[in-house]
Amino acid sequence: MKAIGSAAAFLLCLLACAAMADTPAPAQAPAPEAQIAFANHGGIYNWQVVDNRTVLIQSQNRKWYKATLFSTCFDLPFAERLGFESNSDGSFDKFSSIQVRGQKCPLVSLVETTAPPKKSKAKKSAAAAADAPAANAAPVNPEK
């Protein structure tokens with residue numbers, strides 16, 4: 001009789017664990033939307049493109065913000081200059097947009113984030129060495 005009781009308890013435990021595995025984890029609260037004040041008067045200090053839908057923006061007080069665009073902005077990864085269209089009050093937020101080579105890219109979100117990782121000097125010097133021609137290499141002459 002004890003064997004049947006312990007087997008039933010074990011089965012109940014398995015069913016309870018399976019039921020808990022099917023329940024979704026609680027969703028994390030989204031980060032609060034941010035705003036960069038005086039964007040039209042030097043409020044944006046720096047920026048860095050992550051991909052064709054994400055830009056990291058540094059404000060004048062050195063805080064970093066992640067701007068997520070409404071849709072793909074095709075020229076963004078290749079841009080050397082960006083235009084930041086602020087609101088009528090001069091602030092930059094999720095209702096603003098970014099200009100890239102004549103393309104207007106509206107934002108869907110602007111949240112505060114951490115600074116992007118800095119490139120190490122070792123990586124920079126290795127990349128420079130890979131791009132530089134070897135000192136002992138003979139020049140290539142296509143006519144020979």
Scanning the range 19-41 for residues that are under 24 Å from P117 (Cα atoms) and in a loop (DSSP other than H, G, I, E, B), the one modelled with the lowest pLDDT turns out to be P30
Within the range 52-66, residues closer than 14 Å to L107 by Cα, assigned to a strand (DSSP E or B) and touching a Pro at 6+ places or on another chain (Cβ under 9 Å) come out as L56
Only unsatisfied item for S71, checking (1) surrounded by fewer than 16 Cβ atoms within 10 Å (Cβ to Cβ); (2) under 15 Å from F38 (Cα atoms), is (2)
Could you please let me know if V140 is β-branched (V, I, T) and at pLDDT below 60?
yes
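S96 - would you say it is surrounded by 15 or more Cβ atoms within 10 Å (Cβ to Cβ) and touching a helix residue (DSSP H, G or I) at 6+ places or on another chain (Cβ under 6 Å)?
Details: surrounded by 15 or more Cβ atoms within 10 Å (Cβ to Cβ): yes; touching a helix residue (DSSP H, G or I) at 6+ places or on another chain (Cβ under 6 Å): no.
Considered against the rule, which asks whether it is surrounded by 15 or more Cβ atoms within 10 Å (Cβ to Cβ) and touching a helix residue (DSSP H, G or I) at 6+ places or on another chain (Cβ under 6 Å), S96 comes out as no.
The values are calculated or read from the model by the stated rules, or taken from the named source; none is laboratory data. As the structure is a prediction and not an experimental result, all values here were calculated from the model. Cβ atoms come from the backbone with ideal geometry, glycine included; neighbour counts cover every protein chain shown.
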